[in-house]
Amino acid sequence: MNKFLLLFLFTGISCFAQNFNTSDLNVTYEELEATSYSLDSTANAFYIYEKGFSRFQDHGEVNLLTDYAAKIKILNPEGYEHASVEIRLYKGEAGKEKISKLEAMTFYLDNGIKKGIPLEASKIYTEENENYDIVKFTFPNISPGVVLTYSYQKESPYTFNFEPWWFQGEIPKVFSTYSTTIPGNFRYNITKIGELELDVHNSDIKKKCFQVTATSTLADCVVSEYAMKNIPAFIEEPYLTSRYNYISRIEYELIDITRLDGVVKKFTQEWEDVDSQLKNHKSLGKQLRRSSLVKDLLPLQLQQQPNSLEKAKDIYRFVQMNYNWNGEYKIFQDLDLKDVIKDNSGNVAGINILLHNIYEEEGFKVLPILGSTRSNGTISKLHPVLSEYNYVMLQLEVEGKKYVLDATEKNLGFGDVAFRSLNQYARLLNFDKESSWIDIAPEKFSEIKILDSLKLNADGTTHGTSRHFYSGYHALSARNSLEELSEEEIFNKLANPSSFAVSNEVTIRNKENIEENLEIIYQLQNQSQMINNVIYFNPFSFKFFSKNPLQLQKRNYPIDFGYKDAYSYYINIEIPENYKVEELPEPKALRLPEDGGTIQFTAIQKDDKNIMIHCRISFTKAQYSSGYYPYLKKYFDNILQVQSKSLIVLKENT
């Protein structure tokens with residue numbers, strides 16, 4: 001990049017946003033006098049300036065050095081937590097990370113005069129743990145308006161784990177910049193995570209910048225510079241997989257090192273290498289080959305059935321009902337299938353490998369799947385990183401169709417996987433041929449359907465029957481909830497009734513038959529508003545949503561429901577004698593862009609005695625990009641409006 005252009009960029013960056021100094025740690029009067037952050041009125045604290053510089057140590061052990069500096073503004077007491085700093089230092093066989101040159105200062109105004117109080121060395125503590133230590137300190141003399149500065153140097157022997165840079169965090173940042181100098185013989189995969197765009201991204205070659213020893217050849221380096229300005233805080237909201245998939249940052253992973261003698265040492269593996277490792281892994285590949293352990297597990301009658309879809313379902317149900325998931329993942333840690341069989345319990349790999357081996361022993365075509373839970377994060381497709389995986393499922397092919405199976409939950413239907421593992425895609429392991437990627441996404445909609453048959457009385461009360469049908473992941477969630485709820489709690493905690501609705505009788509159908517839709521029937525009584533013989537009746541005895549789950553001004557990560565979703569509500573209302581319909585709710589029809597979903601609402605008078613209400617809401621995508629956010633936010637507002645504002649007005653004939 002042209003030097004003049006680079007200077008222009010930094011000059012422009014240094015003079016935006018309330019005239020804060022974003023060039024160094026010097027604290028200005030404007031920064032001390034500021035009482036808010038103009039770009040985020042909800043902020044309790046924010047970074048004015050943050051800078052990092054990482055490079056390799058010349059001559060000697062070739063450790064990784066990182067200089068860090070930050071300037072933080074505290075706006076109010078709710079921001080005091082950001083005056084406490086923790087610095088994590090890893091330790092292991094290669095040695096310990098350590099810090100030096102730690103300095104910290106609290107700046108404040110005293111009768112208009114800028115003053116500073118340094119952090120005393122005695123106030124710095126180190127908490128020791130097995131795999132890392134944490135250096136901790138809290139700035140002195142904290143009060144609203146102070147500005148905090150601190151800096152240190154970290155030295156690390158872990159060159160394979162080059163220092164990541166987190167542009168985004170819990171509070172906003174005015175300016176954050178990171179620069180690196182990496183010798184040409186060190187090759188890294190460098191990845192920008194998150195949707196926020198870099199304001200500066202500059203790379204160049206610096207000649208003869210690095211020397212391992214005083215007599216070795218000088219190596220060229222890649223010098224890189226990254227910067228962002230006006231960085232919003234990362235705020236977690238519903239329908240998020242793992243925050244670490246989307247927080248804006250720069251990540252590094254070492255590919256290989258070319259030594260002085262020309263030998264290349266590889267660190268990043270290919271899938272062929274990993275397949276070989278997994279095939280011989282004692283807790284995975286070796287357990288997958290222990291089919292002899294399951295020969296006599298199935299009842300004889302089930303063994304003797306011809307291989308069919310029905311038999312496959314019976315085997316699946318057998319494992320579900322007789323072997324319990326212990327709640328653990330640990331898929332690469334000391335699994336022995338003998339223990340799973342003996343204890344009738346095991347981790348996620350133990351349960352699903354057991355199911356895999358039974359299918360294989362019975363002659364079915366089955367393959368294991370390596371995946372990651374939603375909370376664990378998305379898997380990289382660029383190159384294998386086994387630490388990203390924490391889940392095992394399987395793919396069964398029967399009667400020409402492929403099914404992804406997971407036997408860890410009792411209420412999961414055949415062909416479904418646990419909601420926690422709906423993480424877009426996973427790795428299908430085939431040790432005889434070649435592993436490949438498969439999508440992990442439900443084909444069908446999950447739906448809640450409500451059918452109300454109500455009789456409206458002349459006094460404004462209503463009685464009748466409400467039938468609720470649950471399919472897909474709604475059925476899974478409802479069945480799981482039923483195991484924890486008493487009969488008295490089901491109506492209020494599962495059905496999500498409106499405030500005017502009550503029920504004194506509940507009937508449940510297909511609770512155990514998970515191949516059928518779950519049905520719950522309520523005997524219903526409602527109370528409507530009556531003024532001067534005019535009845536104002538809201539037909540929605542139940543709400544699909546109690547509030548809008550999307551509350552951010554802007555969201556920089558996808559909205560991930562996990563599955564396609566639909567809600568239907570059919571209401572038949574018999575009106576009282578001597579009453580006529582004065583007013584019906586207006587129909588509504590809305591559609592999300594690119595057929596992302598629809599709201600359809602109609603209210604019609606079938607005859608003198610009956611009113612029919614129909615409402616259907618759909619979300620036709622399992623995941624929506626962040627660009628959909630304002631549309632989805634408005635979409636939820638419209639759903640809430642339909643639920644709460646759809647009044648039927650009936651007037652007594654005179």
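The values are calculated or read from the model by the stated rules, or taken from the named source; none is laboratory data. What you are looking at is a predicted structure, and each value in this text was computed from that prediction instead of being measured. Positions of Cβ are generated from backbone atoms using ideal geometry, with glycine treated the same way; all protein chains shown enter the neighbour counts. Areas reflect the complete protein model, heavy atoms only, side chains present, ligands, DNA and RNA absent. Shrake-Rupley method; radii C 1.70, N 1.55, O 1.52, S 1.80 Å.
Values as computed for the structure displayed
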{"quantity": "Unit charges at the beta carbon, dipole of the chain: most positive-side option, N202, L39, Q18", "calculated": "N202"}
{"quantity": "Accessible area per residue in Å² at 1.4 Å probe, computed on the chain", "calculated": "49"}
{"quantity": "Mean separation of Cα contacts under 8 Å, 6 or more apart, over the residue count of the stretch 103-188: relative contact order %", "calculated": "26"}
{"quantity": "Listed peptides 260-268, 463-471 by packing density, highest first (mean Cβ within 10 Å)", "calculated": "463-471, 260-268"}
{"quantity": "Calculated FRET efficiency for the pair F160/Y425, C-beta based, R₀ 35 Å, to 0.05", "calculated": "0.85"}
{"quantity": "Under-5 Å amide H pairs with A45, H placed in peptide plane, nonlocal only", "calculated": "L75"}
{"quantity": "Within the stretch 504-519: backbone nitrogen closer than 14 Å to the S481 label point (7 Å, Cα to C-beta)", "calculated": "518-519"}
{"quantity": "Calculated over the stretch 133-185: convex hull of Cα atoms, volume per residue (Å³)", "calculated": "148"}
{"quantity": "Computed magnitude of the charge dipole of the stretch 79-210 (debye, nearest 20; Cβ of K, R +1, Cβ of D, E -1)", "calculated": "600"}
{"quantity": "Among 400-407, 335-342, the order from most to least packed when residues are scored by Cβ within 10 Å on average", "calculated": "400-407, 335-342"}
{"quantity": "Backbone N within the stretch 425-445 under 18 Å of label point (7 Å from K365 Cα along the Cβ vector)", "calculated": "428-439"}
{"quantity": "Reach of K173 by Cα under 15 Å, taken over aspartates and glutamates that are not fewer than 8 positions away in the same chain", "calculated": "D24, E31, D40, E50, E197, D199"}
{"quantity": "Average silhouette area of the stretch 370-434, convex hull of alpha-carbon atoms, in square nanometres", "calculated": "5.3"}
{"quantity": "Values of log10 I(q)/I(0), in the order q = 0.11 Å⁻¹, for the stretch 524-651 under a Debye, Cα-only, solvent-free model", "calculated": "-0.46"}
{"quantity": "Which of F137, F53 is most accessible, then next, and so on - probe 1.4 Å", "calculated": "F53, F137"}
{"quantity": "Rounded if a/c under 1.5, otherwise prolate or oblate - the stretch 189-328, Cα gyration tensor axes", "calculated": "oblate"}
{"quantity": "Kirkwood Rh, angstrom, the stretch 361-470 [1 / mean 1/r, Cα pairs]", "calculated": "17.0"}
{"quantity": "Degrees, to the nearest 10: 348-361 long Cα axis against longest axis of the chain", "calculated": "70"}
{"quantity": "Length-normalised contact order of the stretch 319-426 in % [C-alpha pairs under 8 Å, at least 6 apart]", "calculated": "26"}
{"quantity": "Calculated FRET efficiency for the pair Q523/I235, C-beta based, R₀ 41 Å, to 0.05", "calculated": "0.45"}
{"quantity": "Estimated translational D of the stretch 97-241 in µm²/s (Stokes, Kirkwood radius over Cα pairs; 4 °C; 1.567 mPa s)", "calculated": "68"}
{"quantity": "Theoretical gain in end-to-end length, A121 to V385 [0.36 nm per residue, Cα-Cα removed]", "calculated": "91.0 nm"}
{"quantity": "Calculated P(r) of the stretch 182-264 - Cα pairs past 14 Å, %", "calculated": "73"}
{"quantity": "Nitroxide proxy distance, nm - points 7 Å out along Cα→Cβ at V223 and K330", "calculated": "5.0"}
{"quantity": "Percentage, to the nearest whole number, of Cα pairs in the stretch 425-467 over 14 Å apart", "calculated": "71"}
{"quantity": "Cα-Cα separations in the chain greater than 35 Å, expressed as whole percent", "calculated": "59"}
{"quantity": "For the stretch 314-362, alpha-carbon Rg over 2.2 N^0.38 Å", "calculated": "1.05"}
{"quantity": "Nitroxide proxy distance, nm - points 7 Å out along Cα→Cβ at E33 and N496", "calculated": "5.1"}
{"quantity": "Ellipsoid semi-axes in whole angstrom, largest first, where each is sqrt(5λ) of the Cα gyration tensor of the stretch 490-580", "calculated": "31, 23, 12"}
{"quantity": "Probe 1.4 Å, all protein chains present, accessible-area order of S644, S435, S499, largest first", "calculated": "S499, S644, S435"}
{"quantity": "Residue-level accessible surface for Y108, protein heavy atoms, 1.4 Å, Å²", "calculated": "50"}
{"quantity": "Accessible surface of E197 - all protein chains present, 1.4 Å probe, nearest 10 Å²", "calculated": "140"}
{"quantity": "GluC sites (Glu not before Pro) within the stretch 432-468: DSSP coil, no more than 16 neighbouring Cβ in 10 Å", "calculated": "E434, E443"}
{"quantity": "Between the stretch 89-120 and the stretch 497-564, the alpha-carbon center distance in angstrom", "calculated": "53"}
{"quantity": "Length-normalised contact order of the chain in % [C-alpha pairs under 8 Å, at least 6 apart]", "calculated": "9"}
{"quantity": "Convex hull of the stretch 434-510 built on C-alpha atoms - directionally averaged projected area, nm²", "calculated": "7.7"}
{"quantity": "Charge dipole (debye, nearest 20) of the chain; +1 at Cβ of Lys and Arg, -1 at Cβ of Asp and Glu", "calculated": "920"}
{"quantity": "Protection-proxy order for peptides 26-35, 552-561, each taking the mean of Cβ atoms within 10 Å per residue, highest first", "calculated": "552-561, 26-35"}
{"quantity": "Dimensionless Rg over Rh [the stretch 583-640; C-alpha; Kirkwood]", "calculated": "1.11"}
{"quantity": "Long pairs among K282/K338; K282/K313; K554/K633; K381/K433; K286/K338, criterion Cα-Cα beyond 21 Å", "calculated": "K282/K313"}
{"quantity": "Restricting the stretch 549-654 to GluC sites (Glu not before Pro) in coil, as DSSP defines it, with at most 12 other Cβ within 10 Å", "calculated": "E577"}
{"quantity": "Cα centre as origin, Lys/Arg/Asp/Glu Cβ charges: the stretch 295-338 dipole, Debye", "calculated": "120"}
{"quantity": "Label point distance in nm, K511-M321, each placed 7 Å from Cα along Cα→Cβ", "calculated": "1.6"}
{"quantity": "Solvent exposure, largest accessible area first (probe 1.4 Å, DNA, RNA and ligands not counted), of W165, W437", "calculated": "W437, W165"}
{"quantity": "q = 0.22 Å⁻¹: log10 I(q)/I(0) that the Debye formula gives for the stretch 17-126, counting C-alpha atoms only", "calculated": "-1.37"}
